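The values are calculated or read from the model by the stated rules, or taken from the named source; none is laboratory data. Every value quoted in this text rests on a predicted model; they were computed, and no experiment measured them. All Cβ positions, glycine included, derive from the backbone under ideal geometry; neighbour counts span all protein chains shown. Accessible surface areas use protein heavy atoms only, side chains included; no ligands, DNA or RNA. Shrake-Rupley method; radii C 1.70, N 1.55, O 1.52, S 1.80 Å.
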Amino acid sequence: MTSVRDSANRVDRICSAIRRAIIERALSPGDKLPEDALGERFGVSRTIARQALGQLAGEGLVDLRRNRIAVVATPTFEEARDTFDIRVELERLVVKHLAGSLSREQIAELAAHIEAQDKATGGPEAASIRLATDFHVLLARMTGKPILIRYVSEVAYRSGLSLSAYGRPHSPECAVNEHRRLVDALATGDKNEAMKLMAGHLEAVADRAFLPDADRRARNLVEILAPYVDD
């Protein structure tokens, strides 16, 4: 018999995979997420797949429609803009808390992450996008504040969905340089500069969100999620 903890782990596994697929733009707004296909891909029951979709719907990443049809959510342009406005304020709180309080180990971890971003430049766009998003989630986790971590993580993924719907191609060079300057400000303890840099960085990302992606060809969900099953 499957335990409650095991079921929760399976739900988390599916959610993590779909979040990452959305961030990396393997899944696009409007893509269907059939329960049976998810169950087949992850080796779980339709009940587990349904629970995962319900959790993602609560995060604003999935729309649940009639007859149990689930699709990747399609935010309106206004919702996408609002998401970034909220994200700016949340992440200003993050850097305000972190400025001057990071340990040497944490600064080294951030520097290593940025180095990984730099090495990914020129490679697959999906890796650059994922690393750029993970940087912000990493900063939030360093605050040690569960509520802030939760909301920053959720809004970061919703931002990724917004950029998938409206964004221009990702600019990894900009992200790397802006992240470096931000960590420098955090290391020196300059709260005002860190907050200014974070707001400017996220607003620059949002300013790219103007060109809708017209490619809505039917795609195979099982094939799309294949790279994410074992991660």
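Under the condition of being in contact with a Phe, Trp or Tyr (Cβ under 9 Å, 6 or more places away or on another chain), closer than 22 Å to P75 by Cα and open to solvent by less than 10 Å² (accessible area, probe 1.4 Å), the residues counted in the range 138-162 number 2.
Counting the residues of the range 13-27 that are within 12 Å of N220 (Cα to Cα) and open to solvent by less than 20 Å² (accessible area, probe 1.4 Å) gives 1.
Residues checked against (1) over 17 Å from the mean Cα position of the chain (by Cα); (2) open to solvent by 20 Å² or more (accessible area, probe 1.4 Å); (3) closer than 19 Å to R19 by Cβ; (4) modelled with pLDDT under 95:
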| site | (1), (2), (3), (4) |
| --- | --- |
| S164 | no, no, yes, yes |
| S171 | no, yes, no, yes |
| L186 | yes, no, no, no |
| A214 | yes, yes, no, yes |
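Residues that are assigned to a loop (DSSP other than H, G, I, E, B) and free of Cβ contacts under 8 Å to residues at least 60 places away in the same chain within the range 75-100 comprise just one, T76. State which residue pairs qualify: first residue closer than 25 Å to A80 by Cα and free of Cβ contacts under 8 Å to residues at least 40 places away in the same chain and inside the range 142-154, second residue open to solvent by 20 Å² or more (accessible area, probe 1.4 Å) and of a type outside the set (S, T, N, Q) in any location, beta carbons under 6 Å apart, and separation of 6 or more residues or different chains. Correct list of pairs: I149/R141. Taken as a whole, the structure leaves A206 outside the set of residues that are at pLDDT 85 or above and surrounded by 14 or more Cβ atoms within 10 Å (Cβ to Cβ).
So which of E78, E105, E35, E40 ends up being more than 21 Å from the chain's Cα centre (by Cα) and loosely packed, with under 13 Cβ neighbours inside 10 Å? The conditions single out E105.
Of all the listed residues (R50, R87, R66), the sole one being open to solvent by 70 Å² or more (accessible area, probe 1.4 Å) and touching a helix residue (DSSP H, G or I) at 6+ places or on another chain (Cβ under 6 Å) is R50. Restricting the search to helices (runs of 4 or more DSSP H) fully inside the range 1-64 and requiring at least 3 residues that are without any contact (Cβ under 8 Å) to a residue 60 or more places away in the chain and not small (G, A, S) gives 4-23, 46-58.
Within this structure, A116 fails the test of being open to solvent by less than 10 Å² (accessible area, probe 1.4 Å), in a helix (DSSP H, G or I) and either among the aliphatic types (A, V, I, L, M) or in contact with a His (Cβ under 6 Å, 6 or more places away or on another chain) (or both).
Per this entry, A73 is counted among residues that are closer than 21 Å to R13 by Cβ, open to solvent by less than 10 Å² (accessible area, probe 1.4 Å) and of a type in the set (A, V, I, L, M).
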